[in-house]
Amino acid sequence: MPEPASAHEPYYGSAAPLVPASGDLPAVASAAAACEACHLWLCGTQTVFGEGPADARIMMIGEQPGDKEDLAAHPFVGPAGAVLDAALEEAGIDRKTVYLTNAVKHFKWEAGGVGKRIHSKPNRKEVFACKPWLDAEIALVKPDAIVLLGTTAAQSMLGPSFKLSQHRAEFLPFSVAPFVLATIHPSAVLRMPDREKRHQMRDEFVRDLKLVARMLEESPKRPRAKLALDAVSLSAKGFGKIDATMEP
Ligand code: URA
């Protein structure tokens, strides 16, 4: 039985040495299944790797698996996933065509009484440790558009100084994909207590997803060249570097 994150001494590292030098998504997923790059492997039930077509045009990146995802080993199958599914449908994006993943692949939680596991936000060192898996997914899928769902995903890719409040719904000039856009995390909709504001948040989330759908309609699918994973793991070592003095 896994234990809450607070039960373990932090063990901070990087998954970079664990990313296989070659292989496809299943090979990387199977390496990630044994990841112990940070202490969260002791906390979550299992690694929840990304899922979706290997040639998906859109990759969506969330924060970390939730309680349901941790047990099912699939991303976005819980309440936030339901909000995402409805928004995708309204935006005219078929979930089956999207590669869905998370910045952190293990569920971080704290005990919340009567067997409840309460989501706990991953810190920068945990996000950093997990980043090479995300880099490998991006290198293999080579999506045309990356949608960053919430601050953790956005800062994982764009750096800790990225402010979602300032750059939400902008197409960001970032070489990792032709179109990179950050928007809210679907769980923000769930957390909004005010009904009217909740509906507004949801509408704005759909509006952001529609921007991506429209952009892709207007742009040709880019050719997919095979990318060597050894290059990924090398670049992953420096990619998204964090300041060692930064507080988690
Ligand atoms: N929240 C996330 O960020 N990812 C999931 O997979 C589920 C909930």
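Label separation (Phe162 vs Ser30): 3.1 nm, computed from points 7 Å beyond Cα along the C-beta direction. Residue pairs exceeding 27 angstrom between C-alpha atoms, taken from Lys68/Lys163; Lys105/Lys142; Lys116/Lys210; Lys121/Lys163; Lys68/Lys221; Lys163/Lys210: Lys68/Lys163; Lys116/Lys210; Lys68/Lys221. Pull out a ≥ b ≥ c, the square roots of the eigenvalues of the alpha-carbon gyration tensor of the range 51-122, then state rounded if a/c is under 1.5, prolate if not and a/b is larger than b/c, and oblate in the remaining case. Note, shape of the range 51-122 comes out prolate. Taking a ≥ b ≥ c as the square roots of the Cα gyration tensor eigenvalues, the range 142-207 comes out prolate, since a/c reaches at least 1.5 and a/b is larger than b/c. By its C-alpha gyration tensor, with a ≥ b ≥ c as the square roots of the eigenvalues, how is the range 1-106 shaped: rounded for a/c under 1.5, else prolate for a/b larger than b/c, else oblate? In terms of gyration-tensor shape, oblate. The C-alpha atoms of the range 170-219 occupy a region whose extents along the principal axes are 37, 19, 13 Å, arranged from largest to smallest. The residues Ile184, Ile58, when put in order of fewest to most other Cβ atoms within 10 Å, stand as Ile184, Ile58.
Scattering from the C-alpha atoms of the range 10-218 alone, worked out with Debye: what is log10 I(q)/I(0) at q = 0.11, 0.15 1/Å? Listed by q, the Debye log ratios stand at -0.48, -0.92. Among 79-85, 128-134, the peptide with the highest mean count of other Cβ atoms within 10 Å heads the list, and the full ranking is 128-134, 79-85. Restricting the range 125-189 to GluC sites (Glu not before Pro) that sit in a DSSP loop and have at most 15 other Cβ atoms within 10 Å of their own Cβ leaves Glu170. Listed by chain and number, the aspartates and glutamates whose C-alpha is less than 13 Å from the C-alpha of Lys96, apart from same-chain residues fewer than 8 away, are Glu51, Asp55, Asp85.
At an R0 of 25 angstrom, the distance between the Cβ atoms of Ser175 and Ala73 translates into a FRET efficiency of 0.20. The order of Ile93, Ile118, Ile61, going from fewest to most other C-beta atoms within 10 Å of their C-beta, is Ile118, Ile93, Ile61. How many percent of DSSP beta bridges within the chain run antiparallel, rounded to 5? Here the antiparallel bridges make up roughly 25 percent for the chain.
Can you give the longest stretch of the chain with no exposed loop site, where a site means trypsin sites (Lys or Arg not before Pro) in a DSSP loop (not H, G, I, E or B) with at most 14 other C-beta atoms within 10 Å? Counting at most 14 other Cβ atoms within 10 Å as exposed, the longest clean stretch of the chain is 1-115.
Computing FRET efficiency as 1/(1 + (r/R0)^6) for Ser219 and Glu90, where r is the C-beta to C-beta distance and R0 is 25 Å, gives about 0.70.
Separation of the range 125-160 and the range 37-98, taken as the distance between their Cα centroids, equals 13 angstrom. Here, the range 16-67 is characterised by an Rg to Rh ratio of 0.97, where Rg is the alpha-carbon radius of gyration and Rh the Kirkwood radius.
Rule-based calculations on the coordinates, nothing more; no lab input. Just so we're clear, the structure is a prediction, and the values are computed from it rather than from any experiment. Here the Cβ is made from the backbone with ideal geometry for all residues, glycine too, and neighbour counts use every protein chain on show.
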